[in-house]
Every structure is written in structure tokens, then in C-alpha cells.
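Asker: The structure that follows is given in the form of C-alpha cells.
The values are calculated or read from the model by the stated rules, or taken from the named source; none is laboratory data. Quick caveat: nothing in here was measured; it's all calculated off a predicted structure. Positions of Cβ are backbone-derived with ideal geometry, glycine not excepted, and every protein chain shown enters the neighbour counts. Note: areas computed on protein heavy atoms with side chains; ligands, DNA, RNA excluded. Shrake-Rupley method; radii C 1.70, N 1.55, O 1.52, S 1.80 Å.
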Amino acid sequence: MIRTDRAGLPTTPRRTVLISGASVAGPVLAFWLHRYGYEVTVVEKASAPRSGGYPIDIRGTALEVIRRMGVLPRLQDAHIDLRRLTFLHSDGSEVTSLHPHAITGGVEGRDLEVRRGDLTEALHAAVRDDVEFLFDDSIRTLEQHGHGVDVRFHGGGARTFDLVLGADGTHSQTRERLFGPEEQFHRYLGYCFAVFTMPNTFGLSYETVMWNTPGRAAALYAVGDDEVHAFLNFAQPEPPFHAFGDPAAQRDLLTTVFADAGWEVPGMLAAARDSSDLFFDAVSQIRMPRWSSGRVALAGDAAYAPSFLTGQGTSLALVGAYMLAGSLAGRDHAEGLAAYEESTRGFVTMNQDLVGRGSATLFPVTADALQQRNDRLRSLTAVPPKEGRPAHSALTLPEFALAT
């Protein structure tokens with residue numbers, strides 16, 4: 001079939017793109033690629049946009065992405081005004097209490113902290129009427145050829161797209177199909193963590209309390225009055241591969257590691273055993289020499305997960321998706337993907353390098369290092385910084401031409 005415009009003249013068929021993942025980077029890609037003239041399909045293995053979830057930060061350049069998408073006011077209304085971060089000794093006594101931005105490098109009155117579900121719902125609402133979403137499905141196979149990418153879905157369908165973009169997280173299946181096993185790109189940072197929710201029986205409100213011993217940390221993060229996000233983090237020389245994908249093994253490992261812990265940790269372990277939303281993973285980064293091959297490319301955590309230690313995972317996903325979509329605007333795929341790498345890699349690397357080095361890190365593994373960290377925390381001012389970290393705003397977003 002030959003497409004024509006309103007005057008009956010032939011038109012160029014719109015290029016088609018399949019995006020795998022509907023969390024953060026995926027909807028941003030869909031939003032902008034639609035505006036650049038692409039026909040967009042998003043496939044997501046979940047049955048709907050994921051609600052709930054732990055709080056995430058949006059800082060620096062990423063704020064301009066959501067402003068240009070028109071969702072900034074909605075997210076400002078959803079902003080969590082976290083007011084205090086208190087560090088505790090192993091006996092539960094206070095080390096110091098600070099404004100959270102003194103640790104994160106955030107800027108009060110400008111940067112945002114929202115529940116992850118509030119962000120994903122806002123992004124989905126911004127694009128759901130313009131693109132096709134396929135929930136409860138995922139990519140089974142990819143086969144590239146000179147004119148496109150043949151895709152077979154686990155749901156049984158098969159289609160051909162001009163481009164396929166993977167925005168499916170740190171453990172990306174798209175990346176594995178394209179580049180091979182995750183291990184070659186996985187940079188383990190020496191820790192594992194678990195997060196889950198539990199009733200707020202602690203009287204906490206819009207604050208975080210963190211307990212530490214060498215190599216172990218436990219935190220309670222209250223974004224309101226009803227429940228808290230519980231967090232357990234521990235040093236582990238090698239990733240516990242036996243526990244990944246096995247919730248029972250994860251709970252057993254947490255119980256073993258924190259068996260003699262004091263403070264509120266015994267109650268947290270009991271809550272973890274009964275939790276329906278326990279999430280367990282390694283603290284790690286994804287470092288890749290290139291983010292694309294042929295007509296398939298990656299964005300967000302699939303390409304450059306920075307780890308929660310940087311606080312920049314969501315911001316990198318927002319910025320990277322914007323830059324990938326814009327780089328493809330008005331270009332063939334090879335030129336566009338090369339431009340994406342050239343324009344974005346420096347920003348990504350700078351933010352990935354925010355992971356701390358030396359003894360005064362947030363989660364020290366020795367008693368001496370923990371003492372040094374506590375001394376450093378006590379020296380920080382309680383007044384939030386007026387300027388964020390340079391890496392957060394190191395990229396100035398370009399304007400890309402919209403399709404006519």
C-alpha cells in the first residue's frame with residue numbers, strides 16, 4: 001500500500017521502532033521518537049505500568065527532560081520532602097543528623113525525589129495515547145538484516161521493525177541477545193542489598209535513619225506516616241549467585257549476615273521474611289564499550305546502570321533516552337546511533353564515576369574506615385548545598401527538530 005498525504009501525494013512511510021521496557025527510559029524514548037515521526041511500539045513483560053516502589057531522585061540535566069515532556073508540575077506535586085538523615089552507631093546512639101542533600105549533592109527547592117511509581121505513571125500517561133503498548137509480553141528472538149529487525153515475541157507474534165531499542169534494566173535480555181552474557185559488562189561493587197516495605201511503627205516521618213557496623217548497614221526510610229522502606233546492605237567479596245532468583249535463599253542470607261545485629265534489625269529481618277515486595281540484588285554497574293550494534297541499541301540501566309551508590313540511575317535513564325531519541329531524529333540509524341554515543345558517553349561516565357573510592361565511603365567495611373566516615377559526616381554542615389554536584393548537570397540538553 002502506498003501512503004499519501006491529504007493532497008493525494010505519496011509520502012515516505014514512517015520508520016518503525018520497538019522499545020523493550022516501559023519503566024523510565026522506555027516511555028521517554030517513546031515520547032520523543034513519536035514526535036520525531038517514528039511509529040512506536042513498546043513491549044513490557046509486566047501487565048501494567050509498575051506502581052509503588054522505592055523513592056528515586058531526579059537531578060540536574062534530567063529535570064530539563066521532564067520539563068520538556070510537560071510532566072514536571074505533576075512530579076513537583078508528588079515530591080517527597082525528606083527533611084532529615086540520621087546516622088547511628090552500632091548501639092543505636094546518634095552519630096549525626098543532616099539534611100539528606102548534604103550527602104546526595106541534591107539542591108533543595110530544585111531537585112525532586114518521588115516514588116518510582118509516581119514517575120512511571122506520569123511518563124506512561126504522557127505517551128499512552130500516541131504509541132502502541134504490548135503488556136504481558138517480551139522479545140523472544142531478534143534477527144537483524146539489511147532492511148530491519150525480525151522480532152518474535154513470547155506471546156507468539158512476529159513483526160519486523162526498522163529499529164529495536166532495549167530499555168529493560170540492569171539484567172537486560174535485549175543486551176544479552178545482542179552482546180552476550182551480562183558477566184562481561186557487570187562491574188560488581190562489593191555489596192548486596194535488599195529493599196522492602198514494612199509498617200511504620202517507629203514514629204518516623206519524612207526522614208531516614210541509618211544504622212552501621214563495619215560492612216553492614218540497615219536503614220528505615222519514611223516517606224509518610226503509614227509505612228517505611230526498609231533497606232539492608234552488606235559487603236560481600238563475591239556476588240552470591242546462588243541467591244539471585246531464589247527468594248528463600250535471599251532471606252536466609254540476610255538472616256545469616258545480620259544474625260547478631262542490634263537496633264531495629266531483628267524486626268526488619270522478621271518483616272523481610274513475610275514481605276511480598278522484597279527486592280534483592282548486587283550493587284553493581286553496567287559498563288559497555290559500545291551501546292549499539294546494527295539496528296539495535298540500549299539505553300538506561302541496560303546500557304549504563306550506575307548503581308544506587310551514585311543516586312543517578314533514574315537521571316541517567318531520563319537523559320540517555322532523550323539523547324538517543326534526539327540523535328535518531330532526521331538521521332539514518334547508523335549516523336544517529338554514532339551521534340548518541342559521542343554526545344552522551346562523557347556524561348554517563350562522569351556520573352558512573354561518582355561511586356566513592358577510599359575509606360570514607362557511605363558503607364565502610366572496616367572499623368577504622370567507619371570511624372573516618374563518621375568524623376567526616378560530623379564535619380558536614382547541616383545546611384543543604386545551594387549547588388549540586390557538577391556531574392549532575394554536566395550535559396546541556398540540545399534541541400532536536402520535531403517531525404513536520
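Asker: Filter segment 116-139 for residues that are open to solvent by 50 Å² or more (accessible area, probe 1.4 Å) and within 19 Å of the chain's Cα centre (by Cα); which is nearest to residue 37 (Cα to Cα)?
Answerer: Checking each candidate, the answer is 121.
Asker: So which residues in segment 116-167 are within 16 Å of residue 318 (Cβ to Cβ) and not small (Gly, Ala, Ser)?
Answerer: Hits for segment 116-167 are 116, 118, 119, 120, 121, 123, 124, 127, 165.
Asker: Of 208, 256, 201, 213, which residue is in contact with a Phe, Trp or Tyr (Cβ under 8 Å, 6 or more places away or on another chain) and of a type outside the set (Gly, Ala, Ser)?
Answerer: 208
Asker: Follow-up. Return the pair list, or none, for Cβ contacts closer than 6 Å from residues in segment 31-43 that are over 13 Å from residue 400 (Cβ atoms) and of a type in the set (Ser, Thr, Tyr) to residues that are in a strand (DSSP E or B) and open to solvent by 10 Å² or more (accessible area, probe 1.4 Å), at least 6 apart or on different chains.
Answerer: Cβ pairs passing all conditions: 41/132.
Asker: Of the numbered conditions (1) in a helix (DSSP H, G or I); (2) in contact (Cβ under 8 Å) with a residue 60 or more places away in the chain; (3) among the small types (Gly, Ala, Ser), residue 284 fails exactly one; give the number of that condition.
Answerer: (1)
Asker: Determine which single condition residue 125 fails, assuming it passes every other condition in (1) over 27 Å from residue 280 (Cα atoms); (2) touching a helix residue (DSSP H, G or I) at 6+ places or on another chain (Cβ under 6 Å).
Answerer: That leaves (2) as the condition not met.
Asker: If I ask for residues that are crowded, with 16+ Cβ neighbours inside 10 Å and either aliphatic (A, V, I, L, M) or in a strand (DSSP E or B) (or both), which ones from segment 140-179 would you list?
Answerer: Once the filter is applied, which keeps residues that are crowded, with 16+ Cβ neighbours inside 10 Å and either aliphatic (A, V, I, L, M) or in a strand (DSSP E or B) (or both), segment 140-179 yields 142, 148, 149, 151, 153, 161, 163, 164, 165, 166, 167, 178.
Asker: On to the next question. Please determine whether any residue of segment 202-218 is open to solvent by less than 60 Å² (accessible area, probe 1.4 Å), farther than 21 Å from residue 366 by Cα and at pLDDT 95 or above.
Answerer: No: segment 202-218 contains no residue that is open to solvent by less than 60 Å² (accessible area, probe 1.4 Å), farther than 21 Å from residue 366 by Cα and at pLDDT 95 or above.
Asker: Of all residues being under 30 Å from residue 354 (Cα atoms) and in a loop (DSSP other than H, G, I, E, B) in segment 270-281, which is most open to solvent (accessible area, probe 1.4 Å)? Just the residue, please.
Answerer: Within segment 270-281, the match that is most open to solvent (accessible area, probe 1.4 Å) is 277.
Asker: Same structure, new question: Going through segment 320-338 one residue at a time, which ones are without any contact (Cβ under 8 Å) to a residue 24 or more places away in the chain and open to solvent by 20 Å² or more (accessible area, probe 1.4 Å)?
Answerer: The answer is 331, 332, 334, 335, 338.
Asker: Considering only residues that are of a type in the set (Val, Ile, Thr) and out of contact with any Leu (no Cβ under 8 Å at 6 or more places or on another chain), look in segment 11-28 and name the one that is modelled with the lowest pLDDT.
Answerer: Step one: list which residues in segment 11-28 are of a type in the set (Val, Ile, Thr), which gives 11-12, 16-17, 19, 24, 28.
After this cut, where a residue has to be out of contact with any Leu (no Cβ under 8 Å at 6 or more places or on another chain) as well, the list is 11-12.
Details: 11: 51, 12: 63.
Once the filter is applied, the top-ranked residue is 11.
Asker: Let me ask something else. Within the set of pairs 6+ apart or on separate chains, which have a first residue in segment 359-380 that is free of Cβ contacts under 8 Å to residues at least 12 places away in the same chain, a second that is surrounded by 13 or more Cβ atoms within 10 Å (Cβ to Cβ) and part of a loop (DSSP other than H, G, I, E, B), and C-beta atoms under 8 Å apart?
Answerer: What qualifies is 368/359.
Asker: Give the number of residues within segment 213-269 that are acidic (Asp, Glu) and assigned to a helix (DSSP H, G or I).
Answerer: Initial filter on segment 213-269 (acidic (Asp, Glu)): 225-227, 238, 246, 252, 260, 264.
Within this subset, residues satisfying the condition of being assigned to a helix (DSSP H, G or I) are 252.
Within segment 213-269, residues that are acidic (Asp, Glu) and assigned to a helix (DSSP H, G or I) number 1.
Asker: Go through segment 344-393 residue by residue and tally those that are at pLDDT 90 or above, surrounded by fewer than 16 Cβ atoms within 10 Å (Cβ to Cβ) and small (Gly, Ala, Ser).
Answerer: Residues in segment 344-393 being at pLDDT 90 or above, surrounded by fewer than 16 Cβ atoms within 10 Å (Cβ to Cβ) and small (Gly, Ala, Ser): 2 in total.
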